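Enquirer: Here it is, the structure in full.
The values are calculated or read from the model by the stated rules, or taken from the named source; none is laboratory data. The model shown is predicted, which means the values in this text are computed figures rather than measured ones. Cβ coordinates were reconstructed from backbone atoms using ideal geometry, including for glycine residues, and neighbour counts include every protein chain displayed. When the accessible area is computed, the model is the full protein with side chains, heavy atoms only, and any ligands, DNA or RNA have been set aside. Shrake-Rupley method; radii C 1.70, N 1.55, O 1.52, S 1.80 Å.
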Amino acid sequence: MTGYRRTTAALVLLAAALAASMVAGLALGPVRIAPGRVLDVLLAGPGGRGALASIVWDVRMPRVLLGAVVGAGLAVSGAVLQALVRNALADPFLLGASSGASAGAVLVIVLGVGAGTAAGLPLAAFAGSLAALVAVYALARRGGTMTTGRLILAGVAVQYVLSALTSLVLVLAAHPDQLRSVLFWTLGGLGGARWDELALPAAALLASTAVLVTLARPLDLLLAGEEGARTLGLDTGRFRAAVFVLASLVIGVLVACSGAIGFVGLMVPHAARMVVGAGHRALLPVCALAGAVFLSLADLLARTAAAPGEIPVGVVTALAGGPFFLWMLRRSTRSEGVTG
């Protein structure tokens, strides 16, 4: 099978899997709805009346769509960051986005900063994530160049500082209910999804993926090797900086909407490369669909495994991603430590 046919087949199969996982997400939960009834409600449109229509359109549909958008965005970002830093173990959250968003959310929930507005939490999370990513980029660029080792070490350092800040605020929190809310958010969750929150992450996903696909060739060159890319005329420093900022902004938007959901950007790109290879023109669309399927299924498991309770979806992805990371670490042929 040629590369084009393999990619087309993968996209078709993943699209079918995504549709099936979304229908399952709409059907399963504390109130179970037969798939046939779900399709009837969907065909009737969002204006339908009744309890089932309210459950499908008002409660579950925003959550299912947000899960697909966040999963797709994290997978695409992971694939791009692995090319930028030329590190197979790179993950969006390695760069401090998760810790920054968590710190912003804690300030709103525990300290009440901006809690009087409906947008207080997502705005604070986005601001914290963006601030962390800017700090990582500034530290990594110190001296005029940005090496792989410096970038990763800067991300780890910023994460430690922000995680310590979050822990300090949690220790000082006065109300147990606040602790539970903060803990659930920092572990990642899609339960608070609303229709009015979908536009920004969806727009960020579509726009960034479209731009990154057009940059597939320079991404391939950079992944193949720094010297070779420069020989072929690519300004690697400027290109890496521009794409890093774009990916960072997308990650910030996604984390602001869903909380800290790790390992999606690590696992999905590796699985996609096994199917369609390392070329980014095919890899990025496959990553987007595969990430959407993966997080949709993870969220479905999170809200049905302990029903009527709910497990944070970040716990589910961590349980899958932790062993995967250890396996990757073991088979990695890189030298011990971080190389630049």
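Enquirer: Testing VAL316 on (1) in contact with a Leu (Cβ under 8 Å, 6 or more places away or on another chain); (2) touching a residue at least 40 places away in the same chain (Cβ under 8 Å); (3) assigned to a helix (DSSP H, G or I); (4) more than 20 Å from ALA88 (Cβ to Cβ), one condition comes back false. Which one is that?
Expert: (2)
Enquirer: Something else now. Filter segment 20-41 down to residues that are more than 16 Å from SER296 (Cβ to Cβ) and not in a loop (DSSP other than H, G, I, E, B) and give me whichever is most open to solvent (accessible area, probe 1.4 Å).
Expert: Among residues in segment 20-41 that are more than 16 Å from SER296 (Cβ to Cβ) and not in a loop (DSSP other than H, G, I, E, B), the one most open to solvent (accessible area, probe 1.4 Å) is ARG37.
Enquirer: Let me ask something additional. Taking segment 5-19, which residues are more than 14 Å from ALA72 (Cα to Cα), touching a residue at least 60 places away in the same chain (Cβ under 8 Å) and open to solvent by 40 Å² or more (accessible area, probe 1.4 Å)?
Expert: ARG6
Enquirer: May I ask you to list pairs of residues, at least six apart or on different chains, whose Cβ atoms are under 7 Å apart, with the first in segment 89-100 being within 16 Å of LEU139 (Cα to Cα) and the second being at pLDDT below 75 and assigned to a loop (DSSP other than H, G, I, E, B)?
Expert: Nothing qualifies.
Enquirer: Continuing with this model, one more query. When only residues in segment 212-240 that are at pLDDT 85 or above and open to solvent by 70 Å² or more (accessible area, probe 1.4 Å) count, which is farthest from ASN87 (Cα to Cα)?
Expert: Selected residue: THR214.
Enquirer: Please state which one of LEU162, LEU179 is at pLDDT 80 or above and either under 16 Å from ALA124 (Cα atoms) or touching a helix residue (DSSP H, G or I) at 6+ places or on another chain (Cβ under 8 Å) (or both).
Expert: Result: LEU162 is the single residue among LEU162, LEU179 that is at pLDDT 80 or above and either under 16 Å from ALA124 (Cα atoms) or touching a helix residue (DSSP H, G or I) at 6+ places or on another chain (Cβ under 8 Å) (or both).
Enquirer: May I pose another question? Counting just the residues of segment 232-245 that are in contact with a Leu (Cβ under 9 Å, 6 or more places away or on another chain) and in contact (Cβ under 8 Å) with a residue 60 or more places away in the chain, which one comes out nearest to ALA282 (Cα to Cα)?
Expert: Looking at residues that are in contact with a Leu (Cβ under 9 Å, 6 or more places away or on another chain) and in contact (Cβ under 8 Å) with a residue 60 or more places away in the chain, I get VAL243.
Enquirer: Residue by residue through segment 46-78, note down the ones that are under 15 Å from ILE251 (Cα atoms) and either open to solvent by 20 Å² or more (accessible area, probe 1.4 Å) or in contact with a His (Cβ under 7 Å, 6 or more places away or on another chain) (or both).
Expert: VAL69
Enquirer: Hey, does segment 186-203 have a residue that's modelled with pLDDT under 80, surrounded by 18 or more Cβ atoms within 10 Å (Cβ to Cβ), of a type outside the set (A, V, I, L, M) and closer than 30 Å to PRO308 by Cβ?
Expert: yes
Enquirer: Pick from ALA193, ALA224, ALA203, ALA229: which is closer than 30 Å to GLY25 by Cα and without any contact (Cβ under 8 Å) to a residue 40 or more places away in the chain?
Expert: Result: ALA203 is the single residue among ALA193, ALA224, ALA203, ALA229 that is closer than 30 Å to GLY25 by Cα and without any contact (Cβ under 8 Å) to a residue 40 or more places away in the chain.
Enquirer: (1) open to solvent by 10 Å² or more (accessible area, probe 1.4 Å); (2) closer than 28 Å to ASP220 by Cβ; (3) at pLDDT 90 or above: which one isn't true of PRO269, the others all being true?
Expert: Failed condition: (1).
Enquirer: Let me ask you something else. Criterion first (more than 22 Å from SER99 (Cβ to Cβ) and within 21 Å of the chain's Cα centre (by Cα)) does ALA242 satisfy it?
Expert: Yes.
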